[in-house]
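All remarks here apply to the structure that follows.
The values are calculated or read from the model by the stated rules, or taken from the named source; none is laboratory data. Model, not experiment: these values are computed from the prediction. Please note: Cβ atoms are built from the backbone with ideal geometry, for glycine as well, and neighbour counts cover all protein chains shown. With ligands, DNA and RNA removed, areas are computed over all heavy atoms of the protein, side chains included. Shrake-Rupley method; radii C 1.70, N 1.55, O 1.52, S 1.80 Å.
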Amino acid sequence: MRGFLEQYVRLDITTRGDVLEALHAIRPEWTINAAAMTDVDACERDPEGAWGVNVEGVRHLATGCERCASKFLQLSTDYVFDGTSGPYAEDQEPHPVNVYGRTKLESEKLLDHMALEYSIVRTALLYGSVATARANFVQGVCSALARGEAVHAATNLYGNPTLVDDLADGIVIALRKEVRGILHLAGSEWLSRYDFAMKIARTFGLNEDLIMPVSFQELNLHAPRPLRAGLGTDRAKRKFGIAFAAVEEGLRRMMTQHDEFSKR
Ligand SMILES: NC(=O)c1ccc[n+]([C@@H]2O[C@H](COP(=O)([O-])OP(=O)(O)OC[C@H]3O[C@@H](n4cnc5c(N)ncnc54)[C@H](OP(=O)(O)O)[C@@H]3O)[C@@H](O)[C@H]2O)c1
């Protein structure tokens, strides 16, 4: 595998010509797509916008990869499942319940029709201390508790929290081992948002009394969610030796990174 690219090109993946031109110029060995419209409620309100980025954008990237013989890795989600019986294995039938999930599933399916070597890495509920990214669940809970605000956390919404550093390491292993098809990479614990919020409060030494158990329905969010989603990771563990941290260990690693960032 060649070294990772250090060149930075700003690109809107919905603009086909720009995507094709950039890939033609760079001719990467691997192309990893982490770009997506990920706000689940915004996707529900703007299905055309979601389709443009999550499906057409991926088609443009895959077409560019096809033309320059780049291998392609697409990031996907546990939200391709309906959440009636998670955590899900790679070979279980997807059945998304919202626009976000439907567009992500479509992006997976379109790759099947291309003359392309590809991997699909599905992940779930990402967290970590990446200062430049949008705030994740852990950062949201910590900020609210630090301000003395209540956090309403759903007791019936499940998934496996995944430390982004683990995901990045898992992707590098998947690339090196030339994994093909679908691979689930997600944290080793499957729990409700309420239990996750409680672990966050305890690990960061914040006030857990401010965490209020509610049902997902009480949160009144716009888009439906797959309630018992999450991913089974047996293939990653058994076949490729990729193991992910449990929640408390992941949170402790995140806390150490946060301290290191603050000192800079
Ligand atoms: N976060 C999770 O819990 C989670 C769970 C499962 C799967 N995933 C998957 O993991 C991947 C990364 O998610 P994330 O959490 O990192 O999402 P994110 O924080 O919302 O980041 C998405 C990135 O995509 C970029 N983007 C959006 N529209 C674009 C466009 N038209 N052209 C180019 N770039 C565009 C955004 O750029 P701007 O900031 O400039 O808009 C942003 O940098 C996605 O495929 C997502 O479906 C995420």
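For this structure, a couple of remarks:
- Across the stretch 188-264, the convex hull enclosing all Cα atoms gives 147 Å³ per residue.
- From its DSSP helices (H runs of at least four residues, each -39,500 (n - 2.57)), the chain gives a residue-normalised ellipticity at 222 nm of -11500 deg cm²/dmol.
- Cα gyration tensor, the stretch 165-227 - rounded (a/c under 1.5), prolate or oblate: oblate
- For the pair Ala146 and Asp18, the difference between a 0.36 nm per residue extended length and the Cα-Cα distance amounts to 41.7 nm.
- Span from the the stretch 121-191 Cα centroid across to the the stretch 13-87 one, whole angstrom: 19 Å
- For the stretch 16-263, with all protein chains in place and a probe radius of 1.4 Å, 51% of the accessible heavy-atom surface sits on carbon or sulfur.
- Converting the Cα gyration tensor eigenvalues of the stretch 1-105 into ellipsoid dimensions via √(5λ) gives semi-axes, longest first, of 28, 17, 11 Å.
- Amide H to amide H distances under 5 Å link Val151 with Ile211, Met212, where only residues 5 or more positions off or on other chains count and H is placed in the peptide plane.
- For the stretch 44-90, alpha-carbon Rg and Dmax in angstrom: 14.1, 41
- DSSP beta bridges fully contained in the chain are about 10 percent antiparallel.
- Once C-alpha pairs closer than 8 Å and six or more residues apart are averaged by separation and normalised to the residue number of the stretch 16-263, the relative contact order reads 24 percent.
- Alpha-carbon radius of gyration plus Dmax, which is the widest Cα pair, for the stretch 110-224 in Å: 17.1, 55
- Ellipsoid semi-axes in whole angstrom, largest first, where each is sqrt(5λ) of the Cα gyration tensor of the stretch 16-263: 31, 20, 18
- Order by protection proxy (mean Cβ within 10 Å, highest first), peptides 89-100, 208-219, 50-61, 156-167: 156-167, 50-61, 89-100, 208-219
- 1.4 Å probe accessible area per residue over the stretch 16-263, in Å²: 46 Å²
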